[in-house]
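Working notes, structure below.
Coordinate-derived values only; no laboratory data. In this text, all values refer to a predicted model and were calculated from it rather than measured experimentally. Here the Cβ is made from the backbone with ideal geometry for all residues, glycine too, and neighbour counts use every protein chain on show.
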There are 2 protein chains.
Amino acid sequence: MKKYNFNAGPSMLPREVIENTAKQILDFNGSGLSLMEISHRAKDFQPVVDEAEALVKELLNVPEGYSVIFLGGGASLQFMQIPANFLIKKAGYVNSGTWAKKAMKEAKLFGEVVEVASSADDNYTHLPHNYEIPADLDYLHICTNNTIFGTELREDIDAPVRLIADMSSDILSRPVDVSKYDAIYAGAQKNMSMAGVTVIIVKDDVLGKAPRELPTMLDYRTHVEKGSMFNTPPVVPIYTLMETLRWVKAQGGVKEMDRRAHERAEALYAEIDRNKLFRGTVAKEDRSLMNICFVMNDEFKDLEKSFLDFATERGMVGIKGHRSVGGFRASCYNAMTMEGVNALIQTMKDFEAQH
Amino acid sequence: MKKYNFNAGPSMLPREVIENTAKQILDFNGSGLSLMEISHRAKDFQPVVDEAEALVKELLNVPEGYSVIFLGGGASLQFMQIPANFLIKKAGYVNSGTWAKKAMKEAKLFGEVVEVASSADDNYTHLPHNYEIPADLDYLHICTNNTIFGTELREDIDAPVRLIADMSSDILSRPVDVSKYDAIYAGAQKNMSMAGVTVIIVKDDVLGKAPRELPTMLDYRTHVEKGSMFNTPPVVPIYTLMETLRWVKAQGGVKEMDRRAHERAEALYAEIDRNKLFRGTVAKEDRSLMNICFVMNDEFKDLEKSFLDFATERGMVGIKGHRSVGGFRASCYNAMTMEGVNALIQTMKDFEAQH
């Protein structure tokens, strides 16, 4: 049976990316060696890093004066690496969900942290809105898409201070005005690659200003200067990243990814709103196009397990909601097709017809 | 033409590990999904992490009271993470090569660092010997195999203080008395997996003693408590690690790896010592079984490029020496066969016959 992968991350990747990665693992560029066993200093690997970097810049229209680097450790490591590099006295955080809160926690080790806005009291069922950004912050940190709660800030806000964004779960799904940010970071395992590499886009002239001596590996300048090759980088995850970037470009770039994201999400939210069994969990204006969260309406609560089993039998994978929200979550990253979304919608319709 | 992969890292892996990884990337356990796109929380992935952990413990005979964790970021990140977790007042480092020196540099940010011994003045052509270990150190840090210079400490020393070892390039190549160490760490990309995961073996009751608040991701306890699943781990590199560990076990474990390492290295060093064109670069008693460094004898110096071309034509890959040593380096990790070593020896003999 055909499977439709709605996993929140690691998550669905384009089939050709998967097949090309497997092929290169068996024989990299016809060298007779596996992609896993070539030196990162090999002549054949440098072009992979270079192309991945160039494609991030091209697809997101990254302006001059910014660097793109690839690091291991995941976005969770960035939660501390961002303040280590950028926090001088005081940073502001928008607390829009679990990951935003985790990022804020790590910053407190490096200076004063202001919670500029929060929707925690409403269990993050909407984004914080209409907040004021103090002008004396070193930076404002936002998380553009809240994977767990299914809210998304799908625009580039104006901030009177440096703006730093965790875009782990919606990067490459829309055009971004990178010039509004001083740093953007994203774990690759949603829209970009297998788990194991994190992409960081950073404005060069803001580095080196924090008043602390940084361990070499935690200083972004180390990796900017060495082109992500200071130490052995995660070779295979970077290769897969490059393949995915090629795929995004071939499909029409981030503008087309944005169109598809809207098409998928609109169809699925329409069904959630129409179907008597279900309701969405977040404020309509803040609904994420990436992580679509919904629960059973109260009168059908006892059908939850039954729907999950029904959907699983139909090939739906990973739609169980996060324990903080319950119910269901259909993550629709770049690689998700309308066929997959329609299969889920049909599953919801068929289940409704039975009850 | 058959290639023989003498790369220093990332480096040769067993062919069945490569093929099984490629297969799982196409279809993980018959699930219809790629290994790259499954959730790390999936029921099918937990057994992979569990088996990898159990096999490290089994193969290295890790005693009770130790944890095995898998992290991203490479051994270079451990250079700062070790002192962050273990340095209270004063640490000692044996400066036996480039990587040992880099580790020492990072420790200085966290407290007093004593260079207990060094062979830097001799360009690391031998290991430091007959040094005294001050009894007031929080720990002594050693690097058991110096990949660049080709020296190796192939025994577990007695230290009057905690002993911490970087075993990145010789782990799993011999039985180790883990009880003598408080922590062992190793980047996986030599003897264990593709680049992107680091294995850390740590004694549980020594954690949490350092007098500093650690960022969550840098505190080993975070990962011990969460079984390497605090955040999304490098799923595919961990899978490949598990496959390699299975392979090591099936081949006869680390005792057999040790026997093969001796067999390979003895044959190759014997040829280096016999062949009029070449000479080894390090003190015989400190020769590494993993990274076998040799140069042209002075009177044949101008043949260096010519031998490199000759060997490349014969299928030898990655034998160019590191720029700090020059000449040649044949890295012979667990997956290297006697067939490969014999092919290199024959190449050296044939080249000698021409000159």
Report task. Report the antiparallel proportion of the DSSP beta bridges in segment A:15-251 as a percent, rounded to a multiple of 5. Result -> 45 percent
**Report entry** Fewest-first ranking of A:Asp136, B:Asp50, B:Asp156, using other Cβ atoms within 10 Å as the exposure measure
**Finding:** A:Asp136, B:Asp50, B:Asp156
Report task. Please compute the net charge surrounding B:Gln81, taking Lys and Arg as +1 and Asp and Glu as -1 over other residues with Cβ under 10 Å from its Cβ. Result -> -2
Query - segment B:149-231: antiparallel DSSP beta bridges as a percent of all, rounded to 5 - result: 60 percent
Report summary line: Exposure-ranked with fewest Cβ neighbours within 10 Å first, B:Tyr220, B:Tyr131 stand as B:Tyr131, B:Tyr220
**Report entry** For peptides A:169-175, A:303-309, A:292-298, sequence by mean Cβ density within 10 Å, most packed first
**Finding:** A:169-175, A:292-298, A:303-309
Query raised in the report: About its Cα centre, how strong a charge dipole does segment B:15-251 have in debye, to the nearest 20, once Lys and Arg get +1 and Asp and Glu get -1 at the Cβ?
Result: 380 debye
Query - Positive minus negative residues near A:Asp286 (Lys, Arg vs Asp, Glu; Cβ under 10 Å) - result: +1
Query raised in the report: Pick from A:Ala100, A:Ala183, A:Ala283: which is most flexible by mean-square fluctuation in a GNM of chain A where alpha carbon atoms under 10 Å apart are linked?
Result: A:Ala283
Query raised in the report: If we count other beta carbons within 10 Å of each Cβ, what is the order of A:Val161, A:Val199, A:Val68, A:Val94, fewest first?
Result: A:Val161, A:Val68, A:Val94, A:Val199
Query raised in the report: What number comes out for the charge environment of B:Asp204, summing +1 per Lys or Arg and -1 per Asp or Glu over other residues with Cβ under 11 Å away?
Result: -2
**Report entry** Cross-link partners of B:Lys23 among aspartates and glutamates (Cα-Cα below 14 Å; sequence separation of 8 or more within a chain)
**Finding:** A:Glu19, A:Asp27, B:Glu37, B:Glu243
